[in-house]
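Participant: Questions regarding the structure given below will be posed in turn.
The values are calculated or read from the model by the stated rules, or taken from the named source; none is laboratory data. Note that the structure is a prediction, hence the values are computed from the model and not measured. Glycine also receives a Cβ, built like all others from the backbone with ideal geometry; neighbour counts cover every protein chain displayed. The protein model used for the area step is the full one, side chains on, heavy atoms only, and it has no ligands, DNA or RNA in it. Shrake-Rupley method; radii C 1.70, N 1.55, O 1.52, S 1.80 Å.
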Amino acid sequence: MSSRVTGISLKKLKKYKMLYLMLIPGVVYLLINNYAPMFGIIIAFKDVNFAKGIMNSDWVGLKNFEYLFKTEDAYIITRNTILYNLVFIALNLVVAVALAVLLYELKNRFLPRLYQSIILLPYLMSSVIIGYLVYSLLSMETGLINNTILPLLGRGGVMWYNDPKYWPYILTLVKIWSTAGYLSIVYFAAVVGIDHEYYEAATLDGASKLQRIFKITIPLITPVIIIMTLLQIGRIFYSDFGLFYQVPLDSGVLMPTTNVIDTYVYRALLKNGDIGMSSAAGVYQSIVGFIIILISNYVVKKINPDNSLF
């Protein structure tokens, strides 16, 4: 039996040898970029002393984790990371699907391509550029909102960078503006792939445009919606570092609403020099993220045991 299996495997190897050769660079990159760094997980359990080296540094067990969870920071960064990502996933889904449907409804062939390019542009921008665009709007001295819009409304200027309460809304708007366009193109491709006969039949039956959208378009692109949502849920414990670090301009006053796990690890490592605790936060992030991926996959299998949605 084993010789037969080996024979079949060798046959497949010969038949698809070019595909396997093409796979090698990706596998090598995956091993170097994703698996080799996992050796560094031991840093989270050591009191790193560069004079001794990482391997010879003293083991401290779970003390780095203990110190992390004794502070209020662990609660704040976990709360911010999860809540922001939940809001981003929900709003991005609604806005991106709405944009995709609107693009599909355009009758002119040229306009969808033009609008796709326009709405994709923010996604291609550096977070540094986005940070300064936001600053140009919110700056107390020269910002458009404080110096033009609020005076027209009869209101005085607001010190945006000194008040944390505004930033959940600002960061959410910036995130939707920068990523909804990219996601809408993915959903637009799914909508374009729907057989037009469904719409013709619905029109003959007297269905309105909204009925066609909610009864045909949305159900038929549900598999794509599920896949894209699962991909985002898998990274719910990871944050857009540029958004939370560059856009608030690393303001310490705003940390209660802008500090997330990624920015915490960065500050702990580079500003405080606490390698052990920053590594512990990174390990915590990875483990919980992995658990969330397993749970989301389990839920989808329970909801869709026969893979009928895919």
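Participant: Convert 10 °C to kelvin, take the viscosity as 1.306 mPa s, use the Kirkwood radius over C-alpha pairs of the stretch 211-261 as Rh, and evaluate the Stokes-Einstein diffusion coefficient in µm²/s, rounded to a whole number.
Facilitator: Translational diffusion coefficient: 116 µm²/s.
Participant: Figure the gain on full extension for Ile218 and Val28 (residue separation times 0.36 nm, minus the Cα-Cα span) and round it to one decimal in nm.
Facilitator: Additional length available on full extension: 64.5 nm.
Participant: Given H placed 1.01 Å from N in the peptide plane, which residues other than close sequence neighbours of Lys46 have an amide H under 5 Å from its amide H?
Facilitator: Those lying under 5 Å, H to H, from Lys46 are Val60.
Participant: Additional query: Identify, among Ala207, Gly242, Thr179, the residue whose Cα sits farthest towards the positive end of the charge dipole of the chain, taking +1 on the Cβ of Lys and Arg and -1 on the Cβ of Asp and Glu, with the dipole about the Cα centre.
Facilitator: Result: Ala207.
Participant: Which whole-number percent is the relative contact order of the chain (Cα, under 8 Å, 6+ apart)?
Facilitator: 26 percent
Participant: Tell me, what HN-Hα J-couplings in whole Hz come from the Karplus equation 6.51 cos²θ - 1.76 cosθ + 1.60 at θ = phi - 60° for each residue of the stretch 290-296, using x for Gly and Pro?
Facilitator: 5, 5, 5, 4, 4, 5, 5
Participant: I'd like the accessible area for Tyr135, computed on protein heavy atoms only with a 1.4 Å probe and all protein chains in place. Round to 10 Å², please.
Facilitator: Rounded to the nearest 10, that gives 80 Å².
Participant: Shifting gears a bit: Quick one: longest stretch of the chain between exposed loop trypsin sites (Lys or Arg not before Pro), exposed meaning at most 11 other C-beta atoms within 10 Å and loop per DSSP?
Facilitator: The reported range is 156-270.
Participant: Now for a separate question. As a quick test, which of the pairs Lys17/Lys301; Lys63/Lys271; Lys15/Lys301; Lys70/Lys165 have an alpha carbon distance above 22 angstrom in this structure?
Facilitator: Lys17/Lys301; Lys15/Lys301; Lys70/Lys165
Participant: Using 7 Å Cα-to-Cβ label points, what is the Leu19/Lys165 separation (nm, one decimal)?
Facilitator: A separation of 6.0 nm, rounded to one decimal place.
Participant: By the gyration tensor of its Cα atoms, with a ≥ b ≥ c the square roots of the eigenvalues, what is the shape of the stretch 206-310: rounded for a/c under 1.5, prolate for a/b over b/c, or oblate?
Facilitator: oblate
Participant: Rounded to the nearest 20 Debye, what is the dipole magnitude of the stretch 14-101 about its Cα centre when Lys and Arg each give +1 and Asp and Glu each give -1 at the C-beta?
Facilitator: Here the stretch 14-101 has a charge dipole of around 600 debye.
Participant: So, one more: Kindly provide log₁₀ I(q)/I(0) values, in the same order as q = 0.13, 0.15 Å⁻¹, from the Debye equation applied to equal alpha-carbon scatterers of the stretch 63-307.
Facilitator: -0.96, -1.13
Participant: Something else: If we count every other residue with Cβ under 12 angstrom of Gly252's Cβ, Lys/Arg +1 and Asp/Glu -1, where does the sum land?
Facilitator: Here the count lands on +1.
Participant: Let me ask something additional. Mind listing the phi-derived Karplus ³J(HN,Hα) values for the stretch 200-215, rounded to whole Hz, using 6.51, -1.76 and 1.60 with θ = phi - 60°, and x for any glycine or proline?
Facilitator: 5, 5, 5, 5, 5, 7, x, 6, 6, 4, 5, 5, 5, 5, 7, 9
Participant: So which aspartates and glutamates can Lys46 reach, going by Cα to Cα under 15 Å and dropping same-chain residues fewer than 8 places off?
Facilitator: Within the straight-line limit of under 15 Å, Lys46 reaches these aspartates and glutamates: Asp58, Glu66, Asp274.
Participant: With the dipole of the chain worked out from charges on the C-beta (+1 for Lys and Arg, -1 for Asp and Glu) around the Cα centre, which of Asn80, Asn64, Gly282 lies farthest toward the positive end?
Facilitator: Comparing the listed Cα positions along the dipole, Gly282 ranks first.
Participant: Now a separate question. How much FRET efficiency would the formula 1/(1 + (r/R0)^6) give for Leu294 and Val158, where r is the Cβ-Cβ distance and R0 is 35 Å, rounded to 0.05?
Facilitator: So, using R0 = 35 Å, E works out to roughly 0.20.
Participant: Is it possible to state the helix-based mean residue ellipticity at 222 nm for the chain, with each DSSP H run of 4+ residues giving -39500 (n - 2.57), the sum divided by total residues, to the nearest 500 deg cm²/dmol? What is it?
Facilitator: -20500 deg cm²/dmol
Participant: If you place +1 on the Cβ of every Lys and Arg, -1 on the Cβ of every Asp and Glu, and leave all else neutral, what size is the dipole of the stretch 58-123 about its Cα centre, to the nearest 20 Debye?
Facilitator: Rounded to the nearest 20 debye, it is 460 debye.
Participant: Grab the Cα-Cα distance for Ala98 and Thr203, subtract it from 0.36 nm times how many residues apart they are, and report the gain in nm with one decimal.
Facilitator: Stretched fully, the Ala98-Thr203 segment lengthens by 35.7 nm.
Participant: Same structure again: Accessible area per residue for the chain in Å², computed with a 1.4 Å probe and the full protein assembly in place, what is it?
Facilitator: Accessible surface, normalised per residue, equals 63 Å².
Participant: Which of rounded, prolate or oblate describes the stretch 12-161 when judged by the alpha-carbon gyration tensor and an a/c cut-off of 1.5?
Facilitator: oblate
Participant: Roughly how many percent of the accessible protein surface of the chain is carbon and sulfur, given a 1.4 Å probe and a whole-percent answer?
Facilitator: 68 percent
Participant: Could you order peptides 220-227, 54-61, 145-152 by the average number of other Cβ atoms within 10 Å of their residues, highest first?
Facilitator: By packing density, highest mean first, the sequence is 220-227, 145-152, 54-61.
Participant: OK, next. Using +1 on the beta carbon of Lys and Arg, -1 on that of Asp and Glu, and nothing else charged, what's the dipole of the chain about the Cα centre, debye to 20?
Facilitator: I would put it at about 1100 debye.
Participant: Of the chain, which part is the longest with no GluC sites (Glu not before Pro) in a loop (DSSP not H, G, I, E, B) and with at most 11 other C-beta atoms within 10 angstrom?
Facilitator: Of all site-free stretches, the longest is 142-310.
Participant: Count the net charge of all other residues whose Cβ sits under 11 Å from the Cβ of Phe88, scoring Lys and Arg as +1 and Asp and Glu as -1.
Facilitator: +1
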